Ligand code: PBG
């Protein structure tokens with residue numbers, strides 16, 4: 001018969017459950033905070049007026065026309081969101097092999113930026129620098145005989161960056177992964193008198209399947225020929241990401257980004273711990289789709305999954321998170 005009573009029991013001296021026992025105590029020992037200050041709202045634009053067009057696989061995300069984007073910017077600011085990252089849907093008629101629409105100072109991105117800045121001057125505006133919304137082959141650079149041309153592409157990106165600065169964008173965010181573009185874009189901005197504009201480099205950007213819904217959202221999905229593996233990083237690599245960050249910082253980047261987000265939290269931590277510079281994460285379209293679909297069928301709690309995922313970016317070391325959930329998350333924090 002086993003002995004059920006002990007005269008002397010061994011008690012653990014340390015009980016981690018003690019500080020977890022009450023809400024007030026958990027609040028005191030919480031190591032990380034998530035506030036609307038940490039969020040950048042990713043927003044997809046489409047030409048027109050009064051347009052709110054649902055994006056496939058992204059329940060809750062709409063392509064917005066410029067007037068609707070202005071309304072959304074006001075709502076975002078009222079919720080305490082500091083910045084928006086804009087992305088354009090471009091239909092086939094405006095696309096070309098050289099992506100010339102990217103350098104049209106009157107394009108959808110530029111027109112919308114001006115309208116938002118007029119209506120909500122104190123919100124930060126971030127723009128991608130890359131050609132994929134504008135090319136008829138869906139690649140981020142110029143293509144010749146199936147090869148993405150590096151230096152020729154950077155020439156165009158420099159012009160694109162200046163056009164975007166002209167329109168009022170505050171943060172120029174090259175997402176193209178061409179070599180040497182940060183230094184050249186910095187020089188182009190400075191030469192044009194825009195030494196005040198920040199560069200947020202998509203430095204650690206992987207060739208990822210998680211961009212799927214985004215490519216549909218901007219109209220590139222069906223156009224893309226092949227993949228982006230000759231310029232975006234191999235998901236198997238980690239040290240290479242630090243190398244990218246080191247180069248981009250040496251060329252003048254003010255901040256760097258890791259993208260996608262959730263499967264790459266290790267990279268956020270490594271970048272933040274190694275360089276200590278402003279480090280952003282992008283919770284990309286495929287991550288949005290996974291959380292929102294699982295939430296919508298009741299497999300997980302949508303609201304809690306949104307907030308937990310965003311908190312985890314902060315815990316990993318991200319200063320800010322670009323997310324399509326930003327507005328929904330800020331509302332949940334009210
Ligand atoms: C393009 C770009 C991409 C995203 C942002 N900028 C996709 C790509 O590189 O193919 C992805 C965003 C998302 O999936 O939400 N340079």
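What follows draws every value from the coordinates through simple rules; no lab data is involved. Values in this document were obtained by computation on a predicted structure and should not be read as measured data. Please note: Cβ atoms are built from the backbone with ideal geometry, for glycine as well, and neighbour counts cover all protein chains shown.
Mind checking which of 74, 205, 144 has the largest fluctuation in a GNM of the chain, springs on alpha carbons under 10 Å? Of the options given, 144 has the highest mean-square fluctuation. Please give the length that would be gained between residue 59 and residue 78 if that part of the chain were fully extended, namely 0.36 nm times their separation in residues minus their C-alpha to C-alpha distance (nm, one decimal). Gain on stretching residue 59 to residue 78: 4.6 nm. Site pair residue 159 and residue 29 shows an inter-label distance of 6.0 nm when each label is modelled 7 Å from Cα along Cα→Cβ. From least to most packed, judged by other beta carbons within 10 angstrom and beginning with the fewest, 309, 96 follow the order 96, 309. Under the simplified labelling scheme, the residue 269-residue 100 pair shows an inter-label distance of 5.0 nm, with each label point 7 Å from Cα along Cα→Cβ. Between 305, 281, 253, the GNM of the chain built on Cα springs shorter than 10 angstrom shows 305 fluctuating the most. Given R0 = 25 Å, the distance between the Cβ atoms of residue 195 and residue 37 translates into a calculated FRET efficiency of 0.45. By the gyration tensor of its Cα atoms, with a ≥ b ≥ c the square roots of the eigenvalues, what is the shape of the range 127-229: rounded for a/c under 1.5, prolate for a/b over b/c, or oblate? Judged from the Cα gyration tensor, the range 127-229 comes out prolate (a/c at least 1.5, a/b above b/c). Note on the range 273-320 and the range 77-94: Cα centroid distance 19 Å, given to the nearest whole angstrom.
Only bridges whose two residues both fall in the chain count here: according to DSSP, what percent of them are antiparallel, nearest 5? Numbers along the way, then the final one.
Numbers: 6 of 40 bridges.
Approximately 15 percent, going by the DSSP bridge assignments.
Here each label is just a point 7 Å from Cα along the line to Cβ, and for residue 67 and residue 11 those points are 7.0 nm apart. Once the Kirkwood radius over Cα pairs is known for the range 258-334, the Stokes-Einstein relation at 4 °C and 1.567 mPa s delivers a diffusion coefficient of 102 µm²/s. If r is the Cβ-Cβ distance from residue 93 to residue 246 and R0 is 41 Å, what FRET efficiency results, to the nearest 0.05? The calculated FRET efficiency here is 0.50. Taking Cα atoms only, the orientation of helix 66-78 departs from the longest principal axis of the chain by about 30 degrees. Counting neighbouring beta carbons within 10 Å and listing from fewest to most, the residues 279, 14 come out as 14, 279.
For the range 49-158, what Kirkwood radius comes out of the mean inverse Cα-Cα distance, in Å? Don't skip to the end; give the middle numbers.
Numbers: mean 1/r = 0.0656 Å⁻¹.
The answer is 15.2 Å.
Footprinting exposure proxy ranking of 162, 204, 297, fewest other C-beta atoms within 10 angstrom first, gives 297, 162, 204.
Among DSSP beta bridges lying fully in the range 2-152, give the percent that are antiparallel, nearest 5.
Values: 6 of 19 bridges.
Bridges in the range 2-152 that DSSP calls antiparallel: roughly 30 percent.
Using C-alpha positions alone, give me the convex hull volume of the range 291-334 per residue in cubic angstrom. Mind dumping the intermediate values first?
Working: hull volume 3.2 nm³, N = 44.
Cα convex hull per residue, to the nearest whole number: 72 Å³.
From the mean inverse distance of alpha carbon pairs (Kirkwood) and the Cα radius of gyration, derive Rg over Rh for the chain. Let's see the in-between values first.
Details: Rg = 22.0 Å, Rh = 20.9 Å.
Rg/Rh: 1.05.
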